[in-house]
Amino acid sequence: MRFLLLMFLFHVIVIQQCGAMLHPIDFLALQAIRKTLNDLPGSNFFSSWDFTSDPCSFAGVYCAGDKVIALNLGDPRAGSPGLTGRLNPAIGKLSALAEFTVVPGKVFGVLPESFSQLNNLRFLGVSRNFLSGRIPAGLGKLRRLQTLDLSFNQLTGNIPWAIGTLPALNNVILCHNHLSGSVPPFVSLRLTRLDLKHNALSGSLLPMSLPSSLQYLSMSSNQLTGPVDHLLTRLNRLNYLDLSINRFTGCIPGNLFRFPIANLQLQRNQFTGRIYPAGLVTIPVVDLSFNRFYGEISPLFSGVQILYMNNNRFMGQVPGIMVDRLLSASIHVLYLQHNFLTGIAINPAAEIPVRSSLCLQYNCMVLPVQTPCPLKAGKQKSRPTAQCGQWKG
């Protein structure tokens, strides 16, 4: 303690000579932060952190007046080894801090509860490290917070309900953790990105639980259940949607296919019903595989470039316009295996373009053309006749 005091007094003398001085609380907070973090081998980020000089000149430290307003820890250049150690609770003493980030590395331990004291914080990003424990509920007090990125860590427990009440949130990125419990409602009308994929979240999503401002929504690889049709109908600004590998049920609204989505991932759920797009589907990538959809395949899907409809209960004929677009290489992938389809109007001598893929295995038809299928499609070419007679869609 005596050493720290001497260091601070030296800092006062040196900085006064230069005509500027960091606030004492911020100075001591930076010293504490430095004490519990170190460079990984190959990184020299902290080489400039010499407390006999002005801390506002340190790498990653940005000041306004006598206060630290941004702290970006670690070398941001691609391939930098990053840092190791723990985040010191003294971070909460930086009362003017608006931005805090840590580059990918091996920072471990918990996210300090003291972050809840940073009333001016707008950006909090500590991704691709080894943080563990719970997300502090106190983050729900940060009314100015716009971006929360704690992705690719080892966080556990629930997403604090209070975080969903923050009014200024633009981006919430909590993917690739071990979070559990239900997804809280989010009220911010500025929220454009919500990424919760690869967790252990459960429960259902209420129709009004997400704002219509969302443009990117990913909840893949969780344990979420229940219908989402009324929710999705409202999210008409989406350009990316991934709900794959959950246990969602119910039908899919036809107007979803008119949204400005570039990539639609709904595979490996328990969705059911017939699909009636509201118009020609021009989404480049659509994956509806491994669900319980039934009925005939709509020709309105002919505008899709990569289309996975395999492992469902579709029946009837493959639309002729789909065949035409496949042969013209407008459709690059058309996977229809493991359904109950009864026919496809294609010349057995037709040549499938090299850059296009068609799979028809295990349907209720004799395959008119032999095309390579993924190994997971199995070796059987057609369904047993008994199965085809039982299924009426």
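The values are calculated or read from the model by the stated rules, or taken from the named source; none is laboratory data. Quantities reported herein were computed from a predicted structural model and do not represent experimental measurements. Here the Cβ positions follow ideal geometry from the backbone for every residue, glycine too, while neighbour counts run over all protein chains shown. Remember, those area values only see protein heavy atoms, side chains included, never the ligands or the DNA or RNA. Shrake-Rupley method; radii C 1.70, N 1.55, O 1.52, S 1.80 Å.
Which of (1) touching a Ser or Thr at 6+ places or on another chain (Cβ under 6 Å); (2) open to solvent by 10 Å² or more (accessible area, probe 1.4 Å); (3) within 25 Å of Gly92 (Cα to Cα) does Leu169 not meet, given it meets every other one?
All conditions pass for Leu169, except number (2).
Is it the case that some residue within segment 159-169 is within 29 Å of Ser43 (Cα to Cα), without any contact (Cβ under 8 Å) to a residue 60 or more places away in the chain and among the β-branched types (Val, Ile, Thr)?
No: segment 159-169 contains no residue that is within 29 Å of Ser43 (Cα to Cα), without any contact (Cβ under 8 Å) to a residue 60 or more places away in the chain and among the β-branched types (Val, Ile, Thr).
Keeping to segment 99-134, report how many residues are crowded, with 20+ Cβ neighbours inside 10 Å and either part of a loop (DSSP other than H, G, I, E, B) or of a type in the set (Ser, Thr, Tyr) (or both).
The total comes to 6.
Let me confirm something: among Arg247, Arg292, Arg268, Arg258, which residue is more than 20 Å from Leu217 (Cα to Cα) and either touching a residue at least 24 places away in the same chain (Cβ under 8 Å) or open to solvent by 50 Å² or more (accessible area, probe 1.4 Å) (or both)?
Arg292
Considering Gln361, Gln387, which residue is open to solvent by 30 Å² or more (accessible area, probe 1.4 Å), farther than 18 Å from Tyr276 by Cβ and either touching a Ser or Thr at 6+ places or on another chain (Cβ under 7 Å) or polar (S, T, N, Q) (or both)?
Exactly one of Gln361, Gln387 is open to solvent by 30 Å² or more (accessible area, probe 1.4 Å), farther than 18 Å from Tyr276 by Cβ and either touching a Ser or Thr at 6+ places or on another chain (Cβ under 7 Å) or polar (S, T, N, Q) (or both), namely Gln387.
Which of the residues that make up segment 142-183 are at positive phi and not in a loop (DSSP other than H, G, I, E, B)?
Answer for segment 142-183, where residues must be at positive phi and not in a loop (DSSP other than H, G, I, E, B): Gly157, Gly181.
Table: residues versus (1) within 18 Å of Leu174 (Cα to Cα); (2) of a type in the set (Asp, Glu).
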| site | (1), (2) |
| --- | --- |
| Asp75 | no, yes |
| Leu94 | no, no |
| Val102 | yes, no |
| Gly105 | yes, no |
| Pro112 | yes, no |
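Tally the residues that are assigned to a helix (DSSP H, G or I) and open to solvent by less than 10 Å² (accessible area, probe 1.4 Å), restricting the search to segment 216-239. Spell out how you get there, then give the answer.
So the first thing to find is which residues in segment 216-239 are assigned to a helix (DSSP H, G or I), and the list is 229-234.
Next cut, open to solvent by less than 10 Å² (accessible area, probe 1.4 Å) only: 231-232.
Residues meeting the conditions: 2.
Does Asp26 satisfy the condition of being of a type in the set (D, E, K, R), within 21 Å of Phe115 (Cα to Cα), out of contact with any Phe, Trp or Tyr (no Cβ under 8 Å at 6 or more places or on another chain) and buried (at least 18 other Cβ atoms within 10 Å of the Cβ)?
Values: of a type in the set (D, E, K, R): yes; within 21 Å of Phe115 (Cα to Cα): yes; out of contact with any Phe, Trp or Tyr (no Cβ under 8 Å at 6 or more places or on another chain): yes; buried (at least 18 other Cβ atoms within 10 Å of the Cβ): yes.
Yes, satisfied.
So, in segment 146-166, how many residues would count as being crowded, with 17+ Cβ neighbours inside 10 Å and over 20 Å from Gly203 (Cβ atoms)?
Selection size over segment 146-166: 9.
Could you check, for segment 365-380, whether at least one of its residues is outside any loop (DSSP other than H, G, I, E, B) and either among the aromatic types (Phe, Trp, Tyr) or at pLDDT 90 or above (or both)?
For segment 365-380, residues outside any loop (DSSP other than H, G, I, E, B) and either among the aromatic types (Phe, Trp, Tyr) or at pLDDT 90 or above (or both): absent.
With the requirement that a residue be surrounded by 14 or more Cβ atoms within 10 Å (Cβ to Cβ), at pLDDT below 50 and of a type outside the set (A, V, I, L, M), what does segment 1-23 give you?
Phe8, His11
Are any residues in segment 337-361 touching a helix residue (DSSP H, G or I) at 6+ places or on another chain (Cβ under 9 Å), closer than 16 Å to Gly316 by Cβ and assigned to a loop (DSSP other than H, G, I, E, B), and if so, which ones?
Matches in segment 337-361: Gln337, His338, Ala345, Ile346.
With (1) in a strand (DSSP E or B); (2) on the phi < 0 side of the Ramachandran plot; (3) surrounded by fewer than 18 Cβ atoms within 10 Å (Cβ to Cβ) as the list, and Ser213 as the residue in question, which single condition is left unmet?
The one condition Ser213 does not meet is (1).
It is to be established whether one or more residues within segment 225-241 are farther than 24 Å from Pro211 by Cβ and touching a residue at least 24 places away in the same chain (Cβ under 8 Å).
Within segment 225-241, none of the residues are farther than 24 Å from Pro211 by Cβ and touching a residue at least 24 places away in the same chain (Cβ under 8 Å).
What are the residues in segment 298-309 that are open to solvent by 10 Å² or more (accessible area, probe 1.4 Å) and either among the hydroxyl-bearing types (Ser, Thr, Tyr) or within 17 Å of Gly343 (Cβ to Cβ) (or both), if any?
The initial filter retains those residues of segment 298-309 that are open to solvent by 10 Å² or more (accessible area, probe 1.4 Å), namely 298-300, 303, 305-306, 308.
Passing the criteria: Ser298, Pro299, Tyr308.
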